[in-house]
Amino acid sequence: FAQAKEAAKNTALLNNTKQMGVAANIYSADYDDLLPTHGDGAGYQGDLDDKIGWQFTVQPYMKNLQIVENPKRDKPTGNVDEIEFKRLQHFAMPARAAAATNATVVSQGHYRGTHLGNVVRYEGVAGWSPSTAQWLAIPGAPSYSTTQVEDISNTALIVEGSNWDGWFSLISGDGASLGPLNYCVRWVPSNWNANGTAYSYSITTTTKVEQGLSGLKHGAALCAVPRGRSTYTATDSSAKSINFRQHFYQPTPSVNNATIFTVKGLNPTGI
């Protein structure tokens, strides 16, 4: 029974992720092939639940906002505002470097991190829609268009993660060796955080957790890189379950320069 229940949740997770990817691509078709931004500064008008994330941007194309809840995670609880904000912390649209809060990341055009002894370069596809009234100091930048993405069947559009941008914009790193995939983060106060008082990693492995490392529930002193399988939708709207470390962490030599290492699922421009 437990295995059947797990399989049913994974099927729901895959279907939800697929629907989000399709919705984002329908949005793209309406906006000159530009993919959705990961958030909209105009969405925040003094209230944290006030339509800030990409989930609200693509909602008209998928109708049911509950699709953005990961069935493998705890269902959001609290008052209406808290529930809506926690919903933004189940799936992520990793941001492109141009939408980073770190000026070095913006100028170099990619995030950097040290993974398994190698310096890697990576970024997402999503930009940011700024506003004069915005709450977060994120530079405005358009998302990549579907025609700009080199490997559309492997490049991540939406991943199971812990914040609407995967912390790519908000926690951009130091620009040198610590990118967003080197951090675990949490919102405070805890009643606004989908993990309560716990920290969480950018991308999670709730699909199949190995060694207890899902990217969730980490204490203040522990930020372990997740192990196991993660579900995501690529920029072509295909959805699949993959080995997290192979797809989103492992250094991969660039096809253009073997001395440069990239991350398979986070290399939209084909570095």
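Return the residues of segment 143-183 that are buried (at least 24 other Cβ atoms within 10 Å of the Cβ) and part of a strand (DSSP E or B); say none if nothing qualifies.
Correct list: Ala156, Leu157, Ile158, Val159, Glu160, Gly161.
If Tyr183 passes every condition in (1) aromatic (Phe, Trp, Tyr); (2) over 16 Å from the mean Cα position of the chain (by Cα); (3) modelled with pLDDT under 95 but one, which one does it miss?
(2)
Is there any pair with a first residue in segment 249-271 that is free of Cβ contacts under 8 Å to residues at least 12 places away in the same chain and a second that is part of a strand (DSSP E or B) and aromatic (Phe, Trp, Tyr) whose Cβ atoms are under 9 Å apart and which are 6 or more apart or on different chains, and what are they?
Taking only residues 6 or more apart or on different chains, the pairs are Pro253/Phe261.
Quick check on Arg245: is it free of Cβ contacts under 8 Å to residues at least 40 places away in the same chain, surrounded by 17 or more Cβ atoms within 10 Å (Cβ to Cβ) and closer than 16 Å to Asn118 by Cβ?
In short, yes.
State yes or no: is Gly109 surrounded by fewer than 15 Cβ atoms within 10 Å (Cβ to Cβ), over 14 Å from Leu170 (Cα atoms) and in contact with a helix residue (DSSP H, G or I) (Cβ under 7 Å, 6 or more places away or on another chain)?
Yes: the conditions hold for Gly109.
Suppose we keep only residues that are surrounded by fewer than 24 Cβ atoms within 10 Å (Cβ to Cβ) and either outside any strand (DSSP E or B) or within 18 Å of the chain's Cα centre (by Cα) (or both) within segment 114-132. Which one would you say is modelled with the highest pLDDT?
Arg121
Please go through (1) small (Gly, Ala, Ser); (2) modelled with pLDDT of 90 or more; (3) in contact with a helix residue (DSSP H, G or I) (Cβ under 9 Å, 6 or more places away or on another chain) for Gly43 and return the number of the only condition it doesn't satisfy.
Unmet condition: (2).
Based on this model, can you work out whether Tyr27 counts as more than 22 Å from Phe248 (Cβ to Cβ), in contact with a helix residue (DSSP H, G or I) (Cβ under 9 Å, 6 or more places away or on another chain), hydroxyl-bearing (Ser, Thr, Tyr) and at pLDDT 95 or above?
Judged against the criteria, Tyr27 is a match.
For Ile67, indicate whether it is among the hydrophobic types (A, V, I, L, M, F, W, C) and either assigned to a loop (DSSP other than H, G, I, E, B) or over 24 Å from Ser237 (Cβ atoms) (or both).
No; evaluated as a whole, the condition is false for this residue.
Restricting to strands (runs of 3 or more DSSP E) lying wholly in segment 212-263: which have 3 or more residues that are of a type outside the set (S, T, N, Q)?
Filter on segment 212-263 gives 228-234, 239-243.
Which of the residues belonging to segment 55-92 are among the hydrophobic types (A, V, I, L, M, F, W, C) and touching a Ser or Thr at 6+ places or on another chain (Cβ under 8 Å)?
Result: Ile83, Phe91, Ala92.
The values are calculated or read from the model by the stated rules, or taken from the named source; none is laboratory data. This is a predicted model, so every value here is computed, not measured. Heads up, the Cβs are rebuilt from the backbone with ideal geometry, glycines too, and the neighbour counts pull from every protein chain shown.
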